[in-house]
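Structure record follows, encoded as structure tokens.
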Amino acid sequence: MFRGRYEHTLDGKGRLSIPAKFRDVLTGKGDNRIIITNFAVDGVRCLDVYPIDAWLHFEEEVLKKPKFDPDMLRFQNYYLGSACECSLDNQGRILIPPALRKYADLKRDVVLVAALETFRIWDQEAWKKVFADAEGNITQNPRSLGDLGL
């Protein structure tokens with residue numbers, strides 16, 4: 001599982017160093033490939049990142065859904081249609097495709113945030129907003145965690 005959050009920088013070519021703890025999870029799975037795609041939380045854009053095995057399992061689950069359902073078609077267009085396979089290089093970096101960098105408005109400073117089986121890549125300023133909103137909701141309404149079954 002991925003845990004924690006890490007601040008990193010994109011280089012001029014759009015390469016991002018994956019934190020050592022995240023790399024350990026990936027290499028522990030025996031495959032250095034990941035899938036990156038569009039994502040958004042409360043309308044704030046970021047990138048969703050899957051180890052290849054988790055993505056393949058996800059695809060199997062999508063195949064079980066109604067193929068011609070309008071909501072499923074929209075989901076496929078948005079989420080699956082933007083998915084891109086990347087591999088870690090020898091320095092533990094990935095090259096984030098330009099279209100995905102533009103979608104998430106990634107600038108130089110980014111934050112990688114764990115989401116258990118996956119992780120997300122946020123522009124640092126966007127992450128600050130999302131985190132502050134989450135913190136405010138949880139501290140002002142701690143019962144909301146109970147609503148999640150936690």
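Values as computed for the structure displayed
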{"quantity": "Test result for residue 61, surrounded by fewer than 14 Cβ atoms within 10 Å (Cβ to Cβ) and touching a helix residue (DSSP H, G or I) at 6+ places or on another chain (Cβ under 8 Å)", "calculated": "no"}
{"quantity": "Cross-chain or 6+ apart pairs with Cβ under 7 Å, region 4-17 first and more than 10 Å from residue 106 (Cβ to Cβ) and surrounded by 12 or more Cβ atoms within 10 Å (Cβ to Cβ), then modelled with pLDDT of 95 or more and basic (Lys, Arg)", "calculated": "9/108; 15/93; 17/93"}
{"quantity": "Of all residues making up region 1-32, the number that are among the β-branched types (Val, Ile, Thr) and more than 20 Å from residue 100 (Cα to Cα)", "calculated": "2"}
{"quantity": "Which numbered condition residue 106 fails, given (1) crowded, with 20+ Cβ neighbours inside 10 Å; (2) closer than 13 Å to residue 9 by Cα; (3) out of contact with any Phe, Trp or Tyr (no Cβ under 9 Å at 6 or more places or on another chain)", "calculated": "(3)"}
{"quantity": "Residues (of a type in the set (A, V, I, L, M, F, W, C) and either at pLDDT below 90 or more than 18 Å from residue 2 (Cα to Cα) (or both)) located in region 104-150", "calculated": "104, 106, 126, 130, 132, 134, 138, 145, 148, 150"}
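The values are calculated or read from the model by the stated rules, or taken from the named source; none is laboratory data. For clarity, every value in this text was computed on a predicted model and none was experimentally measured. FYI the Cβ positions are ideal-geometry reconstructions off the backbone, even for glycines, and counts take in every protein chain you see.
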